[in-house]
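Okay, structure first, notes after.
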Amino acid sequence: MTDRTSPGALELIEAVLDTGSWVRWDEPIAALPADPAYAAALQKARDRTGLDEAVVTGEGRMRGRRVAVVACEFAFLAGSIGVQAADRLVAAVERATDERLPLLASPTSGGTRMQEGTVAFLQMVKITAAIGRHKAAGNPYLVYLRNPTTGGVLASWGSLGHLTVAEPGALIGFLGPRVYKALYGEDFPAGVQTAENLLAHGIVDAVLPPEEIPQILDRALAVLSAPRSGSPDVEPSTADADVPREELEAVSAWDSVRRSRRPDRPGVRQLLRQGAHDVVPMRGTGAGEIDAGLILALARFGSAPCVVLGQDRQNQTFGRPLGPAGLREARRGMRLADELKLPLVTVIDTAGAALSQDAEEGGLAGEIARSLQDLVLLDAPTVCLLMGEGAGGGALALLPADRVVCAQHAWLSPLPPEGASEIIHRTVERAPEMAEQQGVRSADLLRAGIVDRVVAERPDAADEPSAYLQRVARVLEAELTALLRRDPQTRLAARLSRYRTLGT
């Protein structure tokens, strides 16, 4: 647990919202319960905090943007949630939904209010339902977990954020350590229920102090609250990005394969750094898994907002290839795009998914299948960027999209050419020949209708990284903007038709 004092609800609100913009939504709670001991405890909490319940709700402006806020006050009976607190919370969530406001939730709580028993325990159901309806309507839901957050609060509205940030050193866990020791007669293992450990396991997206919350929320909402209809006054120039057909045909498949493997070739990490704005990195599956080979982020390319999920060439190695957890993290990004009605950009750059006992037992094949299913049927606009190597099922899992953009020296193949050569010729020496025969290079993919356009490398992305990344970013902005203007049903029908007829 952190040594620092966590901010109270009103203190946090003052730190996050624009000065003077806070407006309370809370209706007064006057009645005290009939039980005298509980009534006395409530009155003492009211006198101590100046609040009438453990939850504060309202709205304000955050860097000029209107947002709704619900926050716990731990000093009020340990931030516990009973019926009246739950009613206040649900009323605020429903109002935010009706008014289409982004919702910032900041729990800090010991969980269910024990004085109210099982009835209080069941309040988590209606809170969860309200949050679910808020998200289903396409409204952002952002969570900041303060110290401590445990019990039913963590197991309901504390764990449903589109983006979840935690306070440094915060105690965060399903069962509080004091209760654990009382039940099991021993201390809970040290260091497990901490914000930092949850970050390491992909359960929260970031660990930040309260004073840094406005900055990350502002970036996130710049993406999450951006118009979904496209920007009619922005037409990025992409004339210099396309490659003449004769220039594409002049490069051999094996030459492109070799160029794609240069260790200094820029990848998705550099693309986000140099070509995107308002980037908010996210981490892991949210369910206890993380794969360094996959990057998940919110971002904007020019005026176009999107979710980005990309294979990170820098963090995939022979001993640590992309595994099932990476695809589960990718599917989290797909769900995020679906819930928020945001375009999705996938970035393919992999030498191949993991081939190991762990990958097999972790359900790699099933994750590839589920990724394909989720992606090809996604309601949101989708753009795939084939940025480098594109080997096997790990590449295929991120491919099906409304539009597929390919870097000039990127390629796509069922196996690396060496693997195909071994299968057909019982030697890897004929890999260049197999690359030509299988049609893996950008020119072949364009001719086959697998990709829609090719972005130039002059002569190689690794030789001109900044100019190349800017070209790619402009193309992505143009493609996303055009997709946002299309009728969603027509767009999805065209996508399904494309893959239904490919190769026939």
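The values are calculated or read from the model by the stated rules, or taken from the named source; none is laboratory data. No experiment lies behind these values; they were computed from the predicted model shown. Note that we place each Cβ from the backbone using ideal geometry, even for glycine, and neighbour counts take in every protein chain shown. These area figures cover heavy atoms from the full protein model, side chains too; ligands, DNA and RNA do not enter into them. Shrake-Rupley method; radii C 1.70, N 1.55, O 1.52, S 1.80 Å.
Between R491, R474, R458, the distinction of being open to solvent by 40 Å² or more (accessible area, probe 1.4 Å) and either farther than 18 Å from L386 by Cα or at pLDDT 95 or above (or both) belongs to R474 only. Looking at the structure I just gave you, is G58 surrounded by fewer than 21 Cβ atoms within 10 Å (Cβ to Cβ), modelled with pLDDT of 95 or more and of a type outside the set (F, W, Y)? Yes: the conditions hold for G58.
When residues in segment 423-455 are screened for being closer than 15 Å to V405 by Cα, of a type outside the set (A, V, I, L, M) and surrounded by 16 or more Cβ atoms within 10 Å (Cβ to Cβ), 5 of them pass. A single member of A395, A380 is assigned to a helix (DSSP H, G or I), touching a residue at least 40 places away in the same chain (Cβ under 8 Å) and of a type in the set (A, V, I, L, M), and it is A395. Pairs are defined by a Cβ separation below 7 Å, a sequence spacing of at least 6 or placement on different chains, a first member in segment 478-500 that is more than 17 Å from K341 (Cβ to Cβ) and in a helix (DSSP H, G or I), and a second member that is open to solvent by 70 Å² or more (accessible area, probe 1.4 Å) and at pLDDT 95 or above; the pairs so defined are E479/R403. One residue stands out among those in segment 106-120 that are assigned to a helix (DSSP H, G or I) and closer than 15 Å to L89 by Cβ: the one that is least open to solvent (accessible area, probe 1.4 Å), which is A120. Selection of helices (runs of 4 or more DSSP H) fully inside segment 146-207 by the criterion of at least 3 residues being in contact with a Gly (Cβ under 8 Å, 6 or more places away or on another chain) and touching a residue at least 40 places away in the same chain (Cβ under 8 Å) returns 151-154.
Note on segment 315-345: residues that are assigned to a helix (DSSP H, G or I) and either without any contact (Cβ under 8 Å) to a residue 24 or more places away in the chain or farther than 23 Å from L160 by Cα (or both) total 1. For segment 329-343, taking the residues that are among the charged types (D, E, K, R) and closer than 19 Å to G394 by Cβ, the one that is surrounded by the most Cβ atoms within 10 Å (Cβ to Cβ) is identified as E329. In segment 260-279, which residue that is without any contact (Cβ under 8 Å) to a residue 60 or more places away in the chain and part of a helix (DSSP H, G or I) is surrounded by the most Cβ atoms within 10 Å (Cβ to Cβ)? Within segment 260-279, the match that is surrounded by the most Cβ atoms within 10 Å (Cβ to Cβ) is L272.
This table checks each residue for (1) of a type in the set (V, I, T); (2) crowded, with 18+ Cβ neighbours inside 10 Å.
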| position | (1), (2) |
| --- | --- |
| L163 | no, yes |
| F174 | no, no |
| L183 | no, no |
| G191 | no, no |
| P214 | no, no |
| S229 | no, no |
| V251 | yes, yes |
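Taking segment 291-311 as the range and being within 9 Å of G326 (Cβ to Cβ) and within 12 Å of the chain's Cα centre (by Cα) as the test, only L294 passes. Scan segment 293-314 and give yes if some residue there is part of a helix (DSSP H, G or I) and modelled with pLDDT under 95, otherwise no. Within segment 293-314, one or more residues are part of a helix (DSSP H, G or I) and modelled with pLDDT under 95.
Yes or no: S256 touching a helix residue (DSSP H, G or I) at 6+ places or on another chain (Cβ under 8 Å) and assigned to a loop (DSSP other than H, G, I, E, B)? So S256 does not fit the description; no. Every listed requirement among (1) modelled with pLDDT under 95; (2) open to solvent by less than 20 Å² (accessible area, probe 1.4 Å); (3) closer than 19 Å to V93 by Cα is met by I13 save one, (1). Residues in segment 90-123 that are under 26 Å from L224 (Cα atoms) and touching a residue at least 12 places away in the same chain (Cβ under 8 Å): 18 in all.
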